[in-house]
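Report on the structure given below.
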Amino acid sequence: MTEQQVLTRLTAECAKAEHCTGEMLEKMRRWGVDDDVQARVMAYLIKGKYVDDERFCRLFVRDKIRFNGWGRRKVEQALYQKRIDKAVSGPILDEIDDEEYIDVLRPLIRSKRKSIKAANEYERNQKLMKFALSRGFEWNIIRQCIDGAEIEDYD
């Protein structure tokens, strides 16, 4: 592929959806694009605001938390896999307060609680914790939601 062809394909992709630097570099690597061409193409994409890692990160974090029901740890891992620098992702994740995570996790716990088969409440809570941890939520958030769900069950 020529440099112009690479540039045309990547700008078209960026026009359709939000992408990060890591995704663009990975695509060019798979296409066998030379390193110097990659550098020039990336410079053009960044300068033209086709690719903006901070913008991508904000949208990615919002979508994964609100629509996919992911916790902070799972989102961090996904951003790490996309090669988003912690200096970019850390402050964005810090902007999200615990209440927003609780608002996402509480309905998930409530729904999961109904489908879990357990011999006693302790076993049920262990399974709920394992479920919430697998979704990337932190212990303090999980504990608040599980304790809150137990209280709701007794009402």
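The values are calculated or read from the model by the stated rules, or taken from the named source; none is laboratory data. A quick note: this is a predicted structure, and the numbers were derived from the prediction, not measured. Here the Cβ is made from the backbone with ideal geometry for all residues, glycine too, and neighbour counts use every protein chain on show. Heavy atoms of the whole protein, side chains included, go into the accessibility calculation; ligands, DNA and RNA do not. Shrake-Rupley method; radii C 1.70, N 1.55, O 1.52, S 1.80 Å.
Of all residues in the stretch 85-137 being within 18 Å of the chain's Cα centre (by Cα) and among the acidic types (Asp, Glu), which is least open to solvent (accessible area, probe 1.4 Å)?
The qualifying residue least open to solvent (accessible area, probe 1.4 Å) is GLU100.
State all residues of the stretch 48-63 that are open to solvent by less than 40 Å² (accessible area, probe 1.4 Å) and closer than 18 Å to ALA12 by Cβ; if no residue qualifies, say none.
The answer is VAL51, PHE56.
Among the numbered criteria (1) within 30 Å of LEU128 (Cα to Cα); (2) at pLDDT 95 or above; (3) part of a helix (DSSP H, G or I), which one does GLU99 miss?
(2)
Using beta carbons and a limit of 9 Å, which pairs, at least six apart or on different chains, have the first residue in the stretch 46-70 and touching a residue at least 40 places away in the same chain (Cβ under 8 Å) and the second one of a type in the set (Phe, Trp, Tyr) and open to solvent by 30 Å² or more (accessible area, probe 1.4 Å)?
TYR50/TYR44
With the condition kept exactly as written, say whether any residue in the stretch 65-79 is farther than 23 Å from LYS130 by Cα, open to solvent by less than 60 Å² (accessible area, probe 1.4 Å) and in a helix (DSSP H, G or I).
Filtering the stretch 65-79 for residues farther than 23 Å from LYS130 by Cα gives none.
No, the stretch 65-79 contains no residue that is farther than 23 Å from LYS130 by Cα, open to solvent by less than 60 Å² (accessible area, probe 1.4 Å) and in a helix (DSSP H, G or I).
Please go through the stretch 14-36 and give me each residue that is exposed (fewer than 15 other Cβ atoms within 10 Å of the Cβ) and among the charged types (D, E, K, R), ordered by number.
Selection gives LYS16, GLU26, ARG29, ARG30, ASP34, ASP35, ASP36.
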